[in-house]
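In what follows, a structure is listed as structure tokens, so that the remarks can point back to it.
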Amino acid sequence: MSWQVLKTFFWLGLTAFGGPAAHFAIFQRLLVGEGKWVSKAQYLRMLAAVNLIPGPNSTETAMLLGYARAGHWGLLLAGLGFIVPAAAVTLALVALYREVAALPLVQGTFLGLKLALAALIAQALWDLLPHPKKQPQTWTLALAGLAMAGLGVVEWAVVLLVGLLMVLGKSTKMLSVEPLGLFWFFCWWAPLCSARAMC
């Protein structure tokens, strides 16, 4: 299994492009679902976890998938397999791009890749979202966030406002202490700790 993890993420490190959103979509298509490495529910929990902690989200997700498949060795090999070839390809492409960036063929190729990437991300989002009839509140919040982003609201404000809408939409009985405690920790104490560490 460890060899399969290394082989899978080495190939993804060589070929996957487009940043975390694209990586999440590729992981979902290849490794998530019945009979694959993890279930959809497990994958959604992984995405929630990596978005709570600092660091490169797609690499953290790759390592969690490796851990789910082959334990501690899977975690290590998934990280190495995903990072090392991607870094080498990036360095090579940067050197090449400096020489040929102005060529019309290169510009057209990158435009085609961007369009393909947008379609891949849209399909992944569609697969991750629940059916509108089952969870209408999730769709309402997603559309509200999309509308705010379309109006030019900065990312952190979109997250904060959608979070407030979610809290207001629930009764106080449904709110547990843990999420509120986590919110206040990151809102007040984490910046203070970071400031002290920098001094």
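The values are calculated or read from the model by the stated rules, or taken from the named source; none is laboratory data. The shown structure was predicted, so the numbers you read here are calculated from the model rather than taken from an experiment. Reconstructed Cβ throughout: ideal geometry from the backbone, glycine too, with neighbour counts over all protein chains shown.
Looking only at residues of segment 1-14 that are at pLDDT 80 or above and of a type in the set (A, V, I, L, M), we find that the one that is surrounded by the fewest Cβ atoms within 10 Å (Cβ to Cβ) is LEU14. Taking every residue in segment 66-89 that is more than 16 Å from PHE17 (Cβ to Cβ) and pairing it with any residue that is modelled with pLDDT of 90 or more and outside any helix (DSSP H, G or I), at least 6 positions away or on another chain, the pairs with Cβ-Cβ distances below 6 Å are ALA68/TRP37; ALA68/VAL38; ARG69/TRP37.
Considering the conditions (1) more than 22 Å from ALA122 (Cα to Cα); (2) at pLDDT below 90, ALA68 is excluded by exactly one of them, (2). Within segment 95-122, can you find the residues that are within 16 Å of GLY19 (Cβ to Cβ) and at pLDDT 70 or above? Result: PHE110, LEU113, LYS114, LEU115, ALA116, ALA118, ALA119, ALA122. Assigned to a loop (DSSP other than H, G, I, E, B) and not β-branched (Val, Ile, Thr), is that true of PHE17? Yes: the conditions hold for PHE17. If you go through segment 15-29 and keep only what is at pLDDT 85 or above and closer than 14 Å to ILE83 by Cβ, you end up with just HIS23.
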